[in-house]
Amino acid sequence: MKEKGLLVVISGPSGAGKGTICKALLEKNDFWLSVSATTRNPRVGEVDGTNYYFLSKEEFQNRIKSEGFLEYAEVYGNYYGTPKDSVLSAVDSGKDVVLEIDIQGALQVKETYPEGVFIFILPPSMKELRQRIINRGSETEESLMTRFKAAYKEINYVSKYNYAVVNDTVVEAVKKIESIVIAERCRVDRVKENILDSKEGIIHEQLYD
Ligand code: 5GP
């Protein structure tokens, strides 16, 4: 039987560096990054189908009705959702899939897919987090404060996750996530069926072939 891939959910407050970490992680590893759908407008340089699937509110609502999302959430006034079928079929075919989503979405995935690997990315400090939100430059003073306050509250959700990774440097954070993935692939509850099946297969060959 072919082993399923891992569903690795990378989440955490805005400004913790999830996006940068995921980009670096994907450059070095053969992971499959799920492209989310969103109702927000594309930023300069963003490409439909690569960064996001940019949908109208109506298209997004229709996808919700047809149960096309593994999870979805409203984040800062816009909707974001993970396409269900493509993610589940990639995992079933043995690919390790990465979702980079907000905390509300991650908690929904945990309900429906508890065998996922839930990783919470933390900023090195709250001061650094504020600076990172400012450095993005795409925020107004008001949305900056909204994101900072939300991030402050969201850090409490770390206890719902399997792993906490502090983003001191991207290189170190990526190393930690790679180590988590290696360890998760060796978990007995993930591999025992295959080990026992192949043991039985060999015995069968010895006796009957
Ligand atoms: P941005 O608009 O800056 O690209 O993303 C805003 C927030 O939405 C980030 O925290 C990002 O992780 C989150 N996000 C992106 N895609 C999804 C998704 O499919 N589902 C959920 N729940 N959040 C998402």
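The values are calculated or read from the model by the stated rules, or taken from the named source; none is laboratory data. As the structure is a prediction and not an experimental result, all values here were calculated from the model. Cβ coordinates were reconstructed from backbone atoms using ideal geometry, including for glycine residues, and neighbour counts include every protein chain displayed. Calculation scope for accessible area: heavy atoms of the full protein, side chains included, ligands and nucleic acids excluded. Shrake-Rupley method; radii C 1.70, N 1.55, O 1.52, S 1.80 Å.
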Calculated from backbone phi, Karplus (6.51, -1.76, 1.60) coupling profile of the range 112-127 in Hz, x at Gly/Pro: 8, 9, x, 6, x, 10, 9, 10, 9, 8, 10, x, x, 7, 5, 4
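Leaving out ligands and nucleic acids, and using a 1.4 Å probe, what accessible area per residue does the chain come to in Å²?
Values: 12180 Å² over 209 residues.
The answer is 58 Å² per residue.
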Which aspartates and glutamates does Lys110 reach when only Cα atoms under 12 Å apart count, and residues fewer than 8 places away in its own chain are ignored? Glu71
Can you give me the long-range amide H partners of Ser36? Hydrogens built in the peptide plane at 1.01 Å from N, cutoff under 5 Å, separation of 5 or more residues or another chain. Tyr53
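Shape call for the range 100-156 from the C-alpha gyration tensor, a ≥ b ≥ c root eigenvalues: rounded (a/c under 1.5), prolate (a/b greater than b/c) or oblate?
Working: a/c = 2.66, a/b = 2.13, b/c = 1.25.
Prolate is the answer for the range 100-156, as a/c is 1.5 or above and a/b outweighs b/c.
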Determine, for each peptide in 84-91, 95-102, the mean count of other beta carbons within 10 angstrom over its residues, then list the peptides with the highest first. 95-102, 84-91
Between the alpha carbon centres of the range 162-199 and the range 1-77 the gap in Å comes to 22 Å
Sketch the reach of a paramagnetic label on Ser143 as a point 7 Å from Cα along Cα-to-Cβ, and name the residues of the range 14-28 whose backbone nitrogen lies under 19 Å away. 14-20
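I'd like the FRET efficiency for Thr50 and Asp85, computed as 1/(1 + (r/R0)^6) with the beta carbon distance as r and R0 of 22 Å, rounded to 0.05.
On the way: r = 19 Å, r/R0 = 0.86.
Working from the Cβ atoms, E equals 0.70.
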Tilt of helix 141-154 relative to the longest C-alpha principal axis of the chain, in degrees (0 to 90, nearest 10)? 40 degrees
Answer rounded, prolate or oblate for the range 53-209, using the Cα gyration tensor with square roots of eigenvalues a ≥ b ≥ c: rounded when a/c is under 1.5, else prolate when a/b is larger than b/c, else oblate. oblate
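Ordering Glu200, Glu71 by accessible area with a probe of 1.4 Å, largest first, what comes out?
Working: Glu200 105, Glu71 5 Å².
Output order, biggest surface exposure first: Glu200, Glu71.
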Only helical DSSP H runs with n ≥ 4 go in: add -39500 (n - 2.57) per run for the chain, normalise by residue count and round the 222 nm mean residue ellipticity to 500 deg cm²/dmol. -15000 deg cm²/dmol
Residues with amide H under 5 Å of Leu70's amide H, sequence separation 5 or more or different chain, H placed in the peptide plane at 1.01 Å from N; which? Thr82, Lys84
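Take the solvent-accessible surface of the protein heavy atoms, probe 1.4 Å, and return the percent of it on the chain that carbon and sulfur atoms account for. Before the final figure, lay out each step's value.
Values: 6360 of 12180 Å².
Heavy-atom surface of the chain belonging to carbon and sulfur, 1.4 Å probe: 52 percent.
What does the convex hull of the alpha-carbon atoms of the range 34-95 project to on average, in nm²? Mind dumping the intermediate values first?
Values: hull surface 17.9 nm².
Averaging across all directions leaves 4.5 nm² for the Cα convex hull.
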In the full protein assembly as shown, how much of Phe118 is accessible to a 1.4 Å probe, in Å² to the nearest 10? 0 Å²
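Ranked from highest to lowest mean number of other Cβ atoms within 10 Å per residue, what is the order of the peptides 157-163, 56-62, 19-25? Mind showing how you got there, number by number?
Details: 157-163: 14.7, 56-62: 12.4, 19-25: 17.7.
Sorting 157-163, 56-62, 19-25 by mean packing, highest first, produces 19-25, 157-163, 56-62.
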Report the paramagnetic label zone for Ala164: residues of the range 90-122 whose backbone N is under 12 Å from a point 7 Å from Cα along the Cα-to-Cβ axis. 120-122
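Rounded, prolate or oblate for the range 14-122? Axes are the square roots of the Cα gyration tensor eigenvalues, ordered a ≥ b ≥ c, and the cut-off for rounded is a/c under 1.5. Can you show the working numbers first?
On the way: a/c = 1.40, a/b = 1.14, b/c = 1.22.
Rounded.
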